[in-house]
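The structure appears below as structure tokens.
The values are calculated or read from the model by the stated rules, or taken from the named source; none is laboratory data. The model shown is predicted, which means the values in this text are computed figures rather than measured ones. Cβ coordinates were reconstructed from backbone atoms using ideal geometry, including for glycine residues, and neighbour counts include every protein chain displayed. Side chains included, ligands, DNA and RNA excluded: accessible areas come from the protein's heavy atoms. Shrake-Rupley method; radii C 1.70, N 1.55, O 1.52, S 1.80 Å.
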Amino acid sequence: GCAHYTPPSFVLTVAADLALAPGLAMPGVSLRRALALALALACHRGTALGPPYSQLPASSSPTATFQLRDGRQMPMFGLGVYVSKPGAETYDAVKWALELGYRMVDTAMIYGNERSVGEAVRDSGIPREELWVSTKLWDADHGFEQAIAACEKSLQELGVSYIDLYLIHSPNTGKLVETWDALLELRRRGLVKSIGVSNYDVKHIKALSDHGRELPVVNQIEMHPLVYQERRPVLEYCLENNILVQAYGSIFFGQTQWLEDPAVTSVTAAHPSKTPAQVLLRWGLQMGFHLIPKSTKRHRLEENMGIFDFELSAQELGTLSSMKGALGARLLESLGDPGGPRQDERGRVVRDTPRAW
């Protein structure tokens with residue numbers, strides 16, 4: 001009956017303390033009664049698992065890794081190429097990022113720039129096994145056979161023999177289990193190494209487990225201070241189930257009016273050598289999110305990496321986490337609606353859209 005999400009692991013831990021732990025054991029209290037007491041205590045205290053919402057690596061650097069629930073290691077920091085124009089713009093961004101030390105790139109079929117990403121990856125001279133390439137399955141290709149074919153097309157566009165992380169871009173079509181089964185088959189064939197989802201809420205992920213399917217290793221969602229509070233339930237669910245949250249829109253999609261918010265400027269002022277963008281990325285890092293900030297400018301790519309040599313205090317994290325506002329993709333609610341990204345007749349994003357995702 002809790003009004004908020006309460007992690008079962010917390011309830012079990014408290015129950016064990018109440019009924020079993022030496023010095024805390026309550027005479028005559030059964031395990032069932034202890035569970036009830038623990039749940040009541042959890043509801044009363046509003047206990048949550050996070051933040052942070054993942055097991056952070058012992059060392060903090062662009063090449064440090066998160067361990068995914070499938071046992072693979074993914075670089076904790078990468079480059080996103082949402083609406084980067086195919087050709088020189090995307091190619092140069094990826095080339096510069098890899099030169100600067102990035103080792104992960106996130107793209108998608110709908111972005112239309114997979115080929116440019118693949119060319120930059122190959123031309124980098126970096127061994128393929130040292131790089132992590134991620135792409136996504138678009139809504140129009142949901143369904144088992146369609147998803148298999150779409151992945152093969154992405155492999156061809158990227159010019160790689162396998163994809164490190166393949167995500168379902170959104171749950172919009174409702175073919176959740178059928179499409180997920182295709183990703184499981186792609187992994188079985190060795191065409192993808194790890195599989196995950198994007199813009200999924202708790203109900204979408206539970207649909208997989210309710211049908212006996214294994215859970216995704218990653219859920220990529222819009223995540224920054226303005227949407228943090230409303231998305232805590234999905235963050236807690238992902239943490240409890242060892243699903244890494246990959247954040248997009250981390251720097252408010254570059255909308256400078258929010259970079260001038262008093263919460264951001266006050267925290268930035270306490271770190272004179274850092275920019276508001278770096279403070280926001282550091283917030284995401286310490287909150288336990290995987291980061292894929294986007295830029296097509298070399299100096300910004302370098303700036304975005306400068307988040308590993310300082311730390312925000314608990315008070316500063318709280319100041320940022322308490323921000324509220326409306327911004328960004330809101331894909332969980334609106335992708336595909338009239339207010340969502342505009343598409344051409346081929347289903348590709350029209351690049352002058354003011355919305356980002």
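Considering each of R115, R72, R103 in turn, give the residue that is closer than 22 Å to H169 by Cβ, open to solvent by 10 Å² or more (accessible area, probe 1.4 Å) and touching a strand residue (DSSP E or B) at 6+ places or on another chain (Cβ under 9 Å).
Unique residue meeting the criteria: R72.
Could you identify the single residue in L100, L68 that is under 26 Å from Q286 (Cα atoms) and out of contact with any helix residue (DSSP H, G or I) (no Cβ under 6 Å at 6 or more places or on another chain)? Even if it seems obvious, please write down each step before you answer.
Working: L100 fails: out of contact with any helix residue (DSSP H, G or I) (no Cβ under 6 Å at 6 or more places or on another chain).
Within the list L100, L68, the selection yields L68.
Output the residues belonging to the range 80-100 that are surrounded by 15 or more Cβ atoms within 10 Å (Cβ to Cβ), of a type in the set (G, A, S) and not in a helix (DSSP H, G or I).
Those that are surrounded by 15 or more Cβ atoms within 10 Å (Cβ to Cβ), of a type in the set (G, A, S) and not in a helix (DSSP H, G or I): G80, S84.
W258 versus (1) aromatic (F, W, Y); (2) on the phi > 0 side of the Ramachandran plot; (3) open to solvent by 10 Å² or more (accessible area, probe 1.4 Å): which is the lone unmet condition?
W258 satisfies every listed condition except (2).
How do the pairs read when you match residues in the range 249-267 that are assigned to a loop (DSSP other than H, G, I, E, B) with residues anywhere that are charged (D, E, K, R) and crowded, with 17+ Cβ neighbours inside 10 Å, using Cβ under 8 Å and keeping only pairs 6 or more apart or on different chains?
Matching pairs, first to second residue: G249/E222.
When only residues in the range 173-228 that are more than 16 Å from the chain's Cα centre (by Cα) and under 30 Å from G318 (Cα atoms) count, which is least open to solvent (accessible area, probe 1.4 Å)?
K206
Residues in the range 138-146: is at least one outside any helix (DSSP H, G or I), surrounded by 19 or more Cβ atoms within 10 Å (Cβ to Cβ) and of a type outside the set (S, T, N, Q)?
yes
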